[in-house]
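J.: To start, I am sharing the structure in question, which I have written as structure tokens.
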């Protein structure tokens, strides 16, 4: 594996074997996680994902980690249909987490929580109360929007005809002012409707990079390159496309006007939508993306930029399979 790809993939995958489409029973998911921790590709693996309400079910498996180190967890929480319900759920999540920490001490490590917001525009006071409590309890938190608005760019006028700037940007700006906070973006699911459009993914990456908010992704990113999946009758996003776009976005100067912002959006969209693996390449020193236009335009991103973007902005993604990404990268000749 080339060093720039190793840097790109370092700690990229949180293991979500408990969730669809794998939907493994806990004993099988834990067994697979341990197997991959001990594999030659363990540097790509990060945390084990589980819902806070299921923590106690891990008890019988903790002895399996005695010779490995603490079981590192990213837990799911939040949700609700109102700000009050959201706050109550967050407080219950914190109680569950602290009870489990007290029960098992240094055998487990819970330092990340992924929370679904009740609406796209939660009250500032609600988010401040929730995140203050999470921070006091040593939890980095990633917040998922309830539903993404349609992103429609009129390519003749270069105008965004959606409600993105009204519905999404203010909340991202709010989260940027909160400590240890980021955005979580769902990239797929088990039904066609769960897959966001190229434009929605590009808009979220662009918004978060410009404002300066780290991102975590989940669902749908089982494969490196975007492709059509017959089982969903839909295109699946690729993790090389998506994280590549996140890294690429950090190389742009902050747009000074709508034209610069539009150009950035178009390039990110094109990269996210690229279904040709040959347009992506990795050397020890850099990653290159060929645009595929008549001018043979290409962009080279050095390994230091990749490392900084991954560390500070494009954190990780949850996948119900760890082996599938490895198999695909091997088939591409990249491993």
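J.: Subtracting the Cα-Cα distance from 0.36 nm times the residue separation, let me have the gained length for residue 291 to residue 150 in nm, one decimal. List each step's numbers first, then the result.
T.: Numbers: separation 141, 0.36 × 141 = 50.76 nm, distance 2.53 nm.
So the chain would gain 48.2 nm between residue 291 and residue 150.
J.: May I ask you to derive the FRET efficiency for residue 109 and residue 258 from their Cβ-Cβ distance with R0 = 56 Å, giving the value to the nearest 0.05? All intermediate terms of the calculation are to be shown ahead of the outcome.
T.: On the way: r = 44 Å, r/R0 = 0.79.
So the FRET efficiency works out to roughly 0.80.
J.: Where in region 1-43 does the amide nitrogen come within less than 15 Å of the point 7 Å from the Cα of residue 284, taken along Cα to Cβ?
T.: Answer for region 1-43: 1-7.
J.: At 222 nm, what value in deg cm²/dmol follows for the chain if DSSP H runs of at least 4 each add -39500 (n - 2.57) and the sum is divided by all its residues, to the nearest 500?
T.: Numbers: 11 runs with 126 residues, N = 335.
Mean residue ellipticity, 222 nm, calculated: -11500 deg cm²/dmol.
J.: Could you tell me which of rounded, prolate or oblate describes region 30-70, using a ≥ b ≥ c as the square roots of the eigenvalues of the alpha-carbon gyration tensor, with rounded for a/c under 1.5 and, failing that, prolate when a/b is larger than b/c and oblate otherwise? Before the final figure, lay out each step's value.
T.: On the way: a/c = 2.53, a/b = 1.54, b/c = 1.64.
Oblate, since a/c reaches 1.5 and b/c is not below a/b.
J.: If you find the alpha carbon centre of region 274-289 and of region 207-270, how far apart are they in angstrom?
T.: 15 Å
J.: Which one of 291, 191, 112 has the biggest mean-square fluctuation once the chain is modelled by GNM with Cα springs under 10 Å?
T.: 191
J.: Next up: Label 7 Å along Cα→Cβ of residue 82; region 107-131 residues with amide nitrogen under 20 Å?
T.: Those under the cut-off are 116-131.
J.: Pick out which of 74, 319, 125 has the largest mean-square fluctuation in a Gaussian network model of the chain, springs linking Cα atoms closer than 10 Å.
T.: Its mean-square fluctuation being the largest, the pick is 125.
J.: Relative contact order of region 1-135, please, whole-number percent, based on alpha carbon pairs below 8 angstrom and at least 6 residues apart.
T.: Worked out over region 1-135, it gives 22 percent.
J.: Please compute P(r) over all alpha-carbon pairs of region 227-335, binned at 5 Å starting from zero, and give each bin as a whole-number percent.
T.: Per 5 Å bin, starting at 0, the Cα pair percentages come out as 2, 10, 19, 23, 23, 13, 7, 3, 1.
J.: Want the number for residue 176 to residue 92: 0.36 nm per residue separation, take away the alpha-carbon distance, what's left?
T.: 27.8 nm
J.: Cα-based Rg of region 1-141 per 2.2 N^0.38 Å, rounded to two decimals?
T.: Working: Rg = 16.4 Å, N = 141, 2.2 N^0.38 = 14.4 Å.
With N residues counted in region 1-141, Rg over 2.2 N^0.38 Å equals 1.14.
J.: How would you classify the chain from its alpha-carbon gyration tensor, with a ≥ b ≥ c the square roots of the eigenvalues: rounded for a/c under 1.5, else prolate if a/b is greater than b/c, otherwise oblate?
T.: Numbers: a/c = 1.81, a/b = 1.22, b/c = 1.49.
In terms of gyration-tensor shape, oblate.
J.: Here is a further query. At q = 0.24 Å⁻¹, work out log10 I(q)/I(0) for region 271-335 with the Debye formula, treating every Cα as an identical point scatterer and leaving solvent out; two decimals please.
T.: -1.29
J.: For region 141-249, just say rounded, prolate or oblate: build the C-alpha gyration tensor, square-root its eigenvalues into a ≥ b ≥ c, call rounded for a/c under 1.5, and beyond that prolate if a/b exceeds b/c, oblate if not. Please list the in-between numbers first.
T.: On the way: a/c = 1.69, a/b = 1.26, b/c = 1.34.
Oblate.
J.: I'd like the distance between the alpha-carbon centres of region 37-88 and region 185-202, rounded to an integer number of Å.
T.: For region 37-88 versus region 185-202, the Cα centre distance is 24 Å.
J.: Among the DSSP beta bridges whose two residues both lie in the chain, what percent are antiparallel, rounded to the nearest 5? Walk me through the numbers before you get to the answer.
T.: On the way: 13 of 48 bridges.
Of all bridge pairs located within the chain, approximately 25 percent are antiparallel.
J.: Relative contact order for the chain using alpha-carbon pairs under 8 Å, separation at least 6, rounded to a whole percent? Provide the component values of the computation, followed by the final result.
T.: On the way: 605 pairs, mean separation 64.5, N = 335.
Contact order relative to length: 19 percent.
A short reminder: the numbers here are calculations on the coordinates, not readings from a lab. Keep in mind the model is a prediction, meaning the values are calculated, not measured. Here Cβ is always computed from backbone atoms with ideal geometry, including for glycine, and neighbour counts include all displayed protein chains.
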